[in-house]
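Structure first, then comments.
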Amino acid sequence: HQQKLIQSEIVTLERERNRIARELHDRVGTNLTAIKLMVSQLLQNYKEPLAYDVEEQFQIAIKEIRDIIYGLTPPSLERYGLFTGLRNYIGKLNKTIPLNISLKTFGKEVHNYELSIMIFRVLQELLTNSIKHSFAKNINIHLSAFEDMLNVVYEDDGVGFSYDPVQSGLGLNNIESRIHSVKGTLKFESGKFGVSYTIDIPIHLNKEVV
């Protein structure tokens, strides 16, 4: 019963993310692009010397909105699968953050969207933790899709942490809930070497996994 409640909450949350992404794309993004064109044309007509700077700021704002939309609902995840979606996402991250993220995959592409989005959210949370708190220089992610099991190993070489299940701000309870909702397991170790997470999910419980 608890697993069903968690799954229902996750489905509701993903629907809300999708709704927000659509609103940002269809309304905010479209309107901002239209405003950029009008303002740029006016500035050029009046030969305003700041025209280029204004254009550049609009481009930055539009890109930031697109990045937010991508984080909310990564389109390649549903279209091409988990491995490809993560490669695209991590490729974008590597261009914007001062540490190196390595992703290695084994096995066939995973095309179950519910499973893929769950793993994507878990890795998003772990990446955020490493970027904000670990002082790591390197992050290594290994995804292996076997016939009956999906294995995820996540490691960073940061300072590690002392886990307090009550006061922890690392979102581990949320991560564990997502994994347990599909009868998966999570193990983690932390020390001077950094932190390591191992996730195993029985994929025979999920339809159309590969």
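The values are calculated or read from the model by the stated rules, or taken from the named source; none is laboratory data. Treat the numbers as computed from the prediction; the structure is a model and nothing was measured. Here the Cβ positions follow ideal geometry from the backbone for every residue, glycine too, while neighbour counts run over all protein chains shown.
Counting the residues of segment 63-105 that are polar (S, T, N, Q) and assigned to a helix (DSSP H, G or I) gives 4. One residue stands out in segment 69-106 among those that are among the hydroxyl-bearing types (S, T, Y) and under 21 Å from G29 (Cβ atoms): the one that is surrounded by the most Cβ atoms within 10 Å (Cβ to Cβ), namely Y89. Return the residue satisfying two criteria in turn: it lies in segment 1-32 and is exposed (fewer than 13 other Cβ atoms within 10 Å of the Cβ) and more than 24 Å from the chain's Cα centre (by Cα), and of such residues it is modelled with the lowest pLDDT. Across segment 1-32, the extreme among qualifying residues is H1.
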